[in-house]
């Protein structure tokens, strides 16, 4: 399915319909869809190279709105919607660990989930369920998702299609390396 969608975006990436579909994928991935929007954004950037910041902004806003939808599901309809989603992905133990993290590190927890390949949808549901401050949730989501999508789009803009193909193939490793570098920088600043 992912390959067919990527092919569709490569063929029809210059249309408004593709931009709308990218918004839908970004929105749904933040609350229940299993495939991240990054590969689709990269496919569209093969065609719309100079629109990199518009696409990154579109994906960021759509993703944060989808995150708010997940937050709402977790806060209001957790038993009806949230628990079945967690059960579908077999993430009950992860969900319970996330709730514990929210008690002490709400902003950092949401930011980390928004930026990394960790399933952000689980964190959006957990944020609503744990009654994380809505302002904290929105800010952490916006910064995490924004940095992630603008970084991917900016790198694509500078380095082009060859890097984009590598990025799609090794996306999880790329995000992990960036997070580890960020943690190392923070650790060095704290200890010096």
Checklist entry - Considering the zone a paramagnetic label at residue 47 would reach in this model (a point 7 Å from Cα along the Cα-to-Cβ line), which residues of segment 138-153 have amide N under 18 Å from it? => result 153
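Using a Förster radius of 41 Å, what is the FRET efficiency between residue 100 and residue 158 based on their Cβ-Cβ separation? Nearest 0.05, please.
0.55
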Next on the checklist: Taking the number of other C-beta atoms within 10 Å as the exposure measure, put 69, 46, 129 in order starting with the fewest.
Outcome noted: 46, 69, 129
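Every read-out reported here was derived from the displayed coordinates using simple, explicitly stated rules and does not represent laboratory data. What you see is a predicted model, and the numbers here were worked out from it, not measured in a lab. Using ideal geometry, Cβ is built from the backbone for each residue, glycine included, and neighbour counts are taken over all protein chains shown.
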